[in-house]
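First up is the structure itself, then whatever we jot down about it.
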Amino acid sequence: MLPVITSFTPSPINLGTNLTITGTDLDLVKKIIFSGVAPVVTAFVSQSATQVVVAIPGGTRKGKITIEAASGVQTKSVDDLDVVLPTITGMSPNPVDPGSSLTIAGTKLDMVKSVAFENAPAVTTFISQSPSQIVVTVPNGVLRGKITIGITNPADTVQSADILEVTGGEIGRAHV
């Protein structure tokens, strides 16, 4: 007998929240493997023959769920699990002056706990934050590159597709 996934809920799901997997012979499951770079899960919130409840680890991305029995045999879900992550759709101004404000546009940005620039520690205090926009002060000394937004519970990061250009003039000047 092999464990089989017949469904799972909710999908889409936030990282760190519980996923309920329904199926048959799920009491035989010893490992759950998610798409992405998530660690293999071997500890479950609850487990029975017809249901396993598991917290979604950081690093999980959209894709199939693989369950592994004690025998080492693996089976995959038919459907993809959809994971809710913040996305960056734009940054302005670009190029930006160090010490000035940068507006990051996107989706689910209310999940963001930090913004990291090239060559600078992550910024965790924002001028403003909403689900569709974050305004942050660009630290001095940053270099051209992608920005990385950090989310917590569990810790994970998402990188911008676009490069943020940084200008070199008048570092730290006040903008009125």
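Residue-wise HN-Hα couplings along the stretch 12-20, as the Karplus relation 6.51 cos²θ - 1.76 cosθ + 1.60 with θ = phi - 60° gives them from phi, are x, 9, 7, 4, x, 9, 7, 10, 9 Hz; Gly and Pro carry x. A simple count of charges around THR9, restricted to other residues whose Cβ falls under 15 Å of its Cβ and scoring Lys, Arg +1 and Asp, Glu -1, yields -3.
In a reduced charge model with +1 at each Lys and Arg Cβ and -1 at each Asp and Glu Cβ, the stretch 3-123 shows a dipole moment near 120 debye about its Cα centre. For the stretch 1-43, what class follows from the C-alpha gyration tensor (a ≥ b ≥ c being the square roots of its eigenvalues): rounded when a/c is under 1.5, otherwise prolate if a/b is larger than b/c, else oblate? Oblate. Between LYS31 and THR137, residue separation times 0.36 nm minus the direct Cα-Cα distance comes to 33.9 nm. Counted by Cβ distance under 15 Å from LYS62, the other residues give a net charge of 0, where Lys and Arg count +1 and Asp and Glu count -1. Calculation over all alpha carbon pairs of the chain in 5 angstrom steps from 0 returns a P(r) of 2, 8, 16, 17, 13, 10, 8, 8, 7, 5, 3, 2, 1, 0 percent. To the nearest 0.05, what FRET efficiency results for ASP80 and SER128 with a Förster distance of 30 Å applied to their C-beta separation? According to the calculation, E is roughly 0.30. A DSSP coil position with no more than 16 other Cβ atoms inside 10 Å describes the following GluC sites (Glu not before Pro) in the stretch 70-176: GLU165, GLU170. In terms of packing, defined here as the mean over residues of other Cβ atoms within 10 angstrom, the peptides 9-15, 56-62 line up highest first as 56-62, 9-15.
Look at where the Cα atoms of the stretch 72-140 and of the stretch 1-32 average out, and the two centres are 29 Å apart.
Given R₀ = 25 Å, what would the calculated FRET efficiency be for ARG144 paired with THR87, taking r from the Cβ atoms and rounding to 0.05?
After rounding to 0.05, the efficiency reads 0.70.
Can you say what percent of the DSSP beta bridges in the chain, counting only those with both residues inside, are antiparallel? Round to 5. Rounded to the nearest five, the antiparallel share is 95 percent. Annotation: extensible slack from THR152 through GLU165 equals 2.0 nm (criterion: 0.36 nm per residue apart, minus Cα-Cα distance).
Note down the nm distance, to one decimal, between modelled labels 7 Å out along Cα→Cβ at THR66 and at ALA120. Label-label distance for THR66 and ALA120, simple model: 4.0 nm.
Each reported figure results from applying straightforward, stated rules to the coordinates on display, with no laboratory input. All values reported here derive from a predicted model rather than from experimental measurement. When we count neighbours, we look across all protein chains shown, and the Cβ atoms used for this are built from the backbone with ideal geometry, even at glycine.
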